[in-house]
Every structure is written in C-alpha cells, then in structure tokens.
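**Student:** Please read through the structure below; I'll follow up with questions.
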Amino acid sequence: DTGVSQDPRHKITKRGQNVTFRCDPISEHNRLYWYRQTLGQGPEFLTYFQNEAQLEKSRLLSDRFSAERPKGSFSTLEIQRTEQGDSAMYLCASSRPGGEYGYTFGSGTRLTVV
Amino acid sequence: QQQVKQSPQSLIVQKGGISIINCAYENTAFDYFPWYQQFPGKGPALLIAIRPDVSEKKEGRFTISFNKSAKQFSLHIMDSQPGDSATYFCAASPGYSSASKIIFGSGTRLSIRP
C-alpha cells in the first residue's frame, strides 16, 4: 500500500492557461474522488469515479473543469482558462468498495494562478 | 453547501487537557460520520468514524459522542498532546455501505500548549 500519489505537488500558472493534475490511487481502490480545499476551509467535493465511470459532478465543477479516469486506474483533472479564483489545493482520494474504511487522501496539488 | 456545521473555528488546550470539537448536521439521510485530521502540507487522514446506531465510539484517546435526536456529534481528545496539534474536520456521508461522497465541515485548528 503505497498511498495515493498526486503530481505535481505545486503548480504556478498564469491566468488563462490550462493545467492538468494527475492522481494515482491505491491499486485495489475502485473509487476515486476529487476535492478542492481553500485556505481555512474544509475540502469541497468536485467529482468521483467508480472504476472508469464518472458517477457524480458537483455544481462547483464548471465547464472549464474536466476529469477523466481511463481504464479505471489513474485520474486526471484539467482546468482550462484558469482564473485567480481557481487557486486552491486540489485533493484526490480513493476508497475501497464499501464506506467503512473511509477515504485515503493524497497530499494534494497546490495551484496558484497569478 | 454548509450541510455540516463545525465549531469552534480554533481551539487552544493545555497539554494533558481535553479537547472538544462539536458538529451539527441537517440532512437526516446522513448515516456515516467520520473525523479527519490534517497536518500542514498533507491531505486529511481518517481518525475515527461512527454510525448513528451507536451513541459513542472510543479509539485510544479519541472518542466520538453522537446524539441522533439533536443531529449533533462531537470529538473528544483526552490527555491532549502537542502532537495532536492539527486541523480537525468532521464530516458526514449519506451512504455508509456505498461509499458515497463525504461532506466536510469547515475545520477546527487545534493547538496544544506544552
């Protein structure tokens, strides 16, 4: 169990640029979640996958955001035409089937839009 | 999306004291209530969780008390230690067995004074 891995750890981008983040979940976990966390706040749900199927998207996830999980393994989160309000920590988590084990979170990708 | 309200926002406790963090929820469909601990630069980590069919769960120095009729639950940290200094999030989920998305409170920054 090597944990949930996120890449990159930090990303600084200019407003209007596109960015992509990657998440590698724990191998036996079939559910993968993306959350966004701003300073002093709790994580906010963005979307989740069961295997390769995207089962739910938050209204927070505007048309500029897209997430994929090809082949039910790693996942990518892309933000197009970034805005300063997108600056946040983007957290990925995975879980086993059944909720009793909770989520295992990665260390996150901190995005700064300048 | 303030479905889980957490208080206080920050808390300072002397070493050896009891730390108490409170949460309240509105959605009666919630049936899984985890607590997460987050250190700076890290993702949240599951600390302890409870289902509404029990009123209390204890794991080491950490205890969750649950009041279903009042829709409130709390975390007690006994014999608080400097290493417990972190941000704590209560959370709730509507689907224990289905690993549905978890909704987080806004967090409590806990500082343990030596």
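**Student:** Yes or no: segment B:72-95 includes at least one residue that is modelled with pLDDT under 95 and open to solvent by 70 Å² or more (accessible area, probe 1.4 Å).
**Tutor:** no
**Student:** If you don't mind, another one. Select, from A:56, A:28, the only residue that is within 14 Å of chain B (Cβ to nearest Cβ), outside any strand (DSSP E or B) and open to solvent by 40 Å² or more (accessible area, probe 1.4 Å).
**Tutor:** Going through A:56, A:28 in turn, just one is within 14 Å of chain B (Cβ to nearest Cβ), outside any strand (DSSP E or B) and open to solvent by 40 Å² or more (accessible area, probe 1.4 Å): A:28.
**Student:** Can you tell me which residues in segment A:1-25 are open to solvent by 30 Å² or more (accessible area, probe 1.4 Å), in a loop (DSSP other than H, G, I, E, B) and touching a residue at least 40 places away in the same chain (Cβ under 8 Å)?
**Tutor:** Scanning segment A:1-25 gives A:8, A:9, A:14, A:15, A:16, A:17, A:18.
**Student:** Keeping to segment A:63-102, report how many residues are hydroxyl-bearing (Ser, Thr, Tyr) and open to solvent by 10 Å² or more (accessible area, probe 1.4 Å).
**Tutor:** Summing the residues that are hydroxyl-bearing (Ser, Thr, Tyr) and open to solvent by 10 Å² or more (accessible area, probe 1.4 Å) in segment A:63-102 gives 5.
**Student:** Looking at (1) under 15 Å from residue A:7 (Cα atoms); (2) within 14 Å of chain B (Cβ to nearest Cβ); (3) crowded, with 20+ Cβ neighbours inside 10 Å, which one does residue A:110 not meet, given that it meets all the others?
**Tutor:** Checking residue A:110 against (1) under 15 Å from residue A:7 (Cα atoms); (2) within 14 Å of chain B (Cβ to nearest Cβ); (3) crowded, with 20+ Cβ neighbours inside 10 Å, the one that fails is (3).
**Student:** Please find, within segment A:60-114, the residue that is modelled with the highest pLDDT out of those that are part of a loop (DSSP other than H, G, I, E, B), at positive phi and more than 13 Å from the chain's Cα centre (by Cα).
**Tutor:** Across segment A:60-114, the extreme among qualifying residues is A:81.
**Student:** Moving on. So which of B:53, B:79, B:31 is more than 19 Å from residue A:103 (Cα to Cα) and within 14 Å of chain A (Cβ to nearest Cβ)?
**Tutor:** B:53
**Student:** Still on this structure, please answer the following. For segment B:9-31, how many residues meet the condition of being open to solvent by less than 60 Å² (accessible area, probe 1.4 Å) and farther than 19 Å from residue B:79 by Cα?
**Tutor:** Final tally of qualifying residues: 7.
**Student:** Moving on. Among the residues of segment B:32-47, what is the count of those that are open to solvent by 40 Å² or more (accessible area, probe 1.4 Å) and outside any strand (DSSP E or B)?
**Tutor:** Here the count works out to 4.
The values are calculated or read from the model by the stated rules, or taken from the named source; none is laboratory data. Note that the structure is a prediction, hence the values are computed from the model and not measured. All Cβ positions, even for glycine, are placed from backbone atoms using ideal geometry, and neighbour counts span all protein chains on display. The area values use the complete protein model at the heavy-atom level, side chains included, leaving out ligands, DNA and RNA. Shrake-Rupley method; radii C 1.70, N 1.55, O 1.52, S 1.80 Å.
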